[in-house]
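Written out below as structure tokens is the structure these notes cover.
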Amino acid sequence: MTAKETFEGLIAAFESKNLESVMKYFAEDAVLYDPHYPVPRMMGTAAIRQGMEWGLGNMEKPGFAIRHYWDDGRVGAAELDTHHVFKGGMELKIDQVFVFEVEGNKFKRMQSYVPYSPPGISGLLTKVTRLIWRLQGKLK
């Protein structure tokens, strides 16, 4: 199985909300980082399972469309159009990038990058500046 087939398989398992199939794609010592989860850095399959149970349990319909994909056989990146529908009808539509490392058809490491402002003071500064620019008519 190629790295791309491994990535596509994980996406298909996630979209079908099949926790057992999702977990088959992670190595025992895998690290998954995704800022959408209660514990963003999940280390090992027990932590990843806990995160996935929470995530899949809150979704009506997970959805991903691959926009761009690249890998060298071991390390890769994928840009996705993410569109999830949560219980109660709330929708999340974002651009998302995953950078990952595959070994033996399993993910050793995967990290999600999303287009949100950085946390802390640097995020506050960008938001304040954006507001000032909007008020001054400088926002392009």
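The values are calculated or read from the model by the stated rules, or taken from the named source; none is laboratory data. The model shown is predicted, which means the values in this text are computed figures rather than measured ones. When we count neighbours, we look across all protein chains shown, and the Cβ atoms used for this are built from the backbone with ideal geometry, even at glycine.
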Single residue of segment 100-123 satisfying the filter (surrounded by fewer than 15 Cβ atoms within 10 Å (Cβ to Cβ) and of a type in the set (Ser, Thr, Tyr)) that is modelled with the highest pLDDT: Tyr116
Read through the list (1) farther than 19 Å from Val99 by Cα; (2) surrounded by 15 or more Cβ atoms within 10 Å (Cβ to Cβ); (3) of a type outside the set (A, V, I, L, M); (4) at pLDDT below 95, then give the number of the only condition that Pro62 fails. (4)
May I ask you to list pairs of residues, at least six apart or on different chains, whose Cβ atoms are under 6 Å apart, with the first in segment 49-63 being more than 13 Å from Ile11 (Cα to Cα) and the second being at pLDDT below 95 and buried (at least 16 other Cβ atoms within 10 Å of the Cβ)? Gly51/Tyr37; Met59/His84
Could you give me the residue pairs with C-beta distances under 7 Å whose first residue belongs to segment 120-137 and is on the phi < 0 side of the Ramachandran plot, whose second residue is surrounded by 12 or more Cβ atoms within 10 Å (Cβ to Cβ) wherever it lies, and which are 6+ apart or on separate chains? Gly123/Ser117; Thr126/Ser117; Lys127/Ser117
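Yes/no matrix, rows are residues, columns are (1) in a loop (DSSP other than H, G, I, E, B); (2) at pLDDT 95 or above:
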site: Pro35; (1), (2): yes, no
site: Pro38; (1), (2): yes, no
site: Met42; (1), (2): no, yes
site: Ala46; (1), (2): no, yes
site: Ile66; (1), (2): no, yes
site: Gly89; (1), (2): yes, no
site: Ile94; (1), (2): no, no
site: Phe98; (1), (2): no, yes
site: Leu125; (1), (2): no, no
From (1) more than 30 Å from Thr129 (Cα to Cα); (2) of a type in the set (A, V, I, L, M); (3) surrounded by 15 or more Cβ atoms within 10 Å (Cβ to Cβ), pick out the condition that doesn't hold for Met1. (3)
